[in-house]
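Here the structure is laid out as structure tokens; the discussion comes afterwards.
Coordinate-derived values only; no laboratory data. Since the model is a prediction, treat every value here as computed from it, not as a measurement. Neighbour counts are summed over all protein chains in view; Cβ atoms, including those assigned to glycine, are modelled from backbone coordinates with ideal geometry.
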Amino acid sequence: MLKRNIIANYLGQGWTALMGIVFIPLYIQYIGIEAYGLIGFFAILQAWMTMLDLGMTPTLNREIARYKAGAISIESILDLLRSMEWICAGIALLIISIIWFASPLLANSWLKVEKLPINTVIQAIVVMGFVVATRLWEEIYRGAIRGMQQQVWLNGMQAILATLRWAGVLAVLVWVSPTVQAFFIWQGVISIISIIIYARKTYQWLPDSTRYGQFSLHAIKDVGRFAGGMAVITLLALLLTQIDKLLLSGLLSLEQFGYYALAGVVAGGLAQLITPMNAAIYPKFTELVTHQDEAALIKTYHDACQLMSAVIIPPALILAAFSNPVLLLWTGNHTLTTAVAPILSLLVLGTLFNGFMNVPYMLQLAYGWTGYAIRVNLVAVAIIIPAILWVVPKYGAIGAAWIWITLNAAYVLVGVHFMYRRLLPEQKWRWYRESIAKPLLSGAVFAFGLAFIMPVAHERLEAAFVVLAASIFVSTSVLMIIPSIRKRIMRFFNPVLR
């Protein structure tokens with residue numbers, strides 16, 4: 001089931017990421033780069049509002065995985081789910097109300113609007129509040145479905161809804177109204193449809209019980225410590241990953257912020273390759289930890305770490321070393337390419353280091369150990385936020401991107417040592433050697449070496465050739481040096497080894 005879920009997650013998330021990225025140049029064509037800056041601001045709001053999830057989604061995921069392993073009863077799950085639904089409804093109303101009342105202040109005082117009418121910006125922000133609230137609610141049900149390990153269905157449905165969300169909104173912009181308000185209204189419509197579908201399927205998959213679920217303070221109290229830890233981790237992670245964007249949205253013009261947001265979206269496409277692995281391995285790790293099967297846990301852990309590296313290192317190095325031809329191929333716009341490429345190269349390397357830490361983080365959560373991540377992130381916040389406040393006003397977007405790399409490299413080079421003192425202590429150097437050092441060094445030599453010797457692309461056809469050729473060489477060099485991936489490739493081409 002784990003392999004099937006991982007494959008389904010990558011196919012589903014890959015399609016979702018493609019839908020979220022491929023149409024962006026057309027959005028900019030119809031609504032302009034300044035209006036696209038509002039979409040970037042929406043992404044910031046959505047990220048910050050995830051702290052109001054209060055750890056409910058990962059907690060529900062973990063508790064349903066524990067129920068599947070026989071550790072708790074169906075009545076407890078039903079009560080927990082119903083309790084979280086009521087809490088989420090209250091939070092959604094709070095989000096909508098706060099953003100409604102704050103929209104004039106945000107439009108007039110925070111965002112540096114130059115061309116768009118202020119009323120247009122205010123209306124767009126109001127609709128953003130509704131969309132953010134609904135997206136938070138639908139995530140609760142997605143967490144429940146992941147805990148059931150029904151990820152094949154989930155990814156298929158997410159792919160369908162992503163197509164409606166991102167391709168559908170292009171149709172709205174072309175044939176109905178080429179405005180940023182129409183963009184966000186369509187997002188809200190799709191989110192409502194998503195909530196209905198996910199909620200119905202969640203309850204269909206839960207076994208019959210002698211009673212319906214009900215709001216229960218006892219159910220909340222039972223998971224309060226883990227959920228509280230997850231809420232604190234989420235808050236600290238937001239401070240570390242979103243404070244740069246928040247500051248830039250107020251310090252830069254909306255147009256300039258649009259360029260940074262565009263680079264962030266492309267780098268975020270790499271992050272879309274990380275979350276499918278997390279979604280599949282988290283419930284599996286939880287199941288193995290519950291059964292105290294350490295041998296299977298170690299094997300699954302290293303397989304997951306190596307697969308993560310195989311998936312994220314090649315595209316990250318291609319985006320970092322060949323940011324100019326990639327952006328030119330995608331947008332066909334030399335102005336956008338010149339403005340965005342330097343920022344993209346840095347952001348994507350930081351995201352790569354962040355990806356290395358995700359499987360170890362899922363292991364921590366499977367053991368219910370949230371305290372470590374809280375302590376590490378507290379130290380990081382104490383260092384990074386003052387650094388951002390000093391660097392961003394002086395160096396702008398490039399300075400913020402360098403801080404993103406420094407933060408995530410420090411996690412990999414320093415923070416992970418303390419985790420391995422408590423969890424799987426004998427596996428640390430194997431992780432460094434097989435999942436990071438060898439594939440990263442091999443891929444980097446090919447990627448940056450090719451970037452140095454290959455001709456500069458001036459047209460889309462030239463850019464396509466450069467990106468394709470580099471991708472083949474870099475991917476091959478990375479995949480063939482990762483032990484578990486190399487063995488699978490050899491078995492595929494040599495039937496005797498099967």
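A cut-off under 11 angstrom between Cβ atoms defines the neighbours of E34, and their net charge, with Lys, Arg +1 and Asp, Glu -1, is 0.
Label zone (K112, point 7 Å along Cα-to-C-beta; backbone nitrogen cut-off 13 Å) within segment 378-403: 392-398.
Which entries of K299/K438; K68/K438; K201/K284; K68/K428; K428/K487; K115/K394 have Cα-Cα distances beyond 27 Å here? Table pairs above 27 Å Cα-Cα are K68/K438; K68/K428.
When you count, for each residue, the other Cβ atoms within 10 Å and take the mean per peptide, how do 254-261, 462-469 rank with the highest first?
Result, highest mean Cβ count within 10 Å first: 254-261, 462-469.
Between Q204 and L94, full extension at 0.36 nm per residue minus the direct alpha carbon distance yields a gain of 36.7 nm.
The modelled label-to-label distance between R486 and Y420, using points 7 Å beyond Cα along the C-beta direction, is 1.9 nm.
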